[in-house]
Amino acid sequence: MKRLLFIGTLLISNLSHAQVTSWENSPLNYNNSPLNYNNSSLNYNNSPYNYNNSQYNYNANNGVYDNSGNRIGYETQSPTGVTNVFDNNGNRIGYSPSKRQ
């Protein structure tokens, strides 16, 4: 019975290996973390109070829209290359890791 459990554990651990992500893509990486000031809406470059990010600036070119054409937020890029996605209220709703090598 112990041998069967051991073999089952080995099989499951081999299958779960595909779920591992690289450190560059991990939200635990400080470059991607919302705790990093460069990724925070407290940074004026990322703030919804910055007119370049405002939903009322119709000339802004960093808006994020849903399939119906409604603006749901904006995106900014940090100095480290991480693209941050914020909703219109400044809440960080996603990111794309830096493509820099």
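Readers should treat all values here as calculations from the given coordinates under stated rules, not as data from a laboratory. Bear in mind the structure is a predicted one, so any value in this text is a computation, not a measurement.
Here are a few things to note about the model shown:
- Rg and Dmax of the stretch 34-101, Cα atoms only, in Å: 11.5, 36
- Taking every C-alpha pair closer than 8 Å and separated by at least 6 residues, the mean separation divided by the residue count of the stretch 34-101 gives a relative contact order of 24 percent.
- HN-Hα J in Hz across the stretch 88-99 - Karplus 6.51, -1.76, 1.60, θ = phi - 60°, x for Gly and Pro: 5, 8, x, 7, 6, 10, x, 7, 10, x, 4, 8
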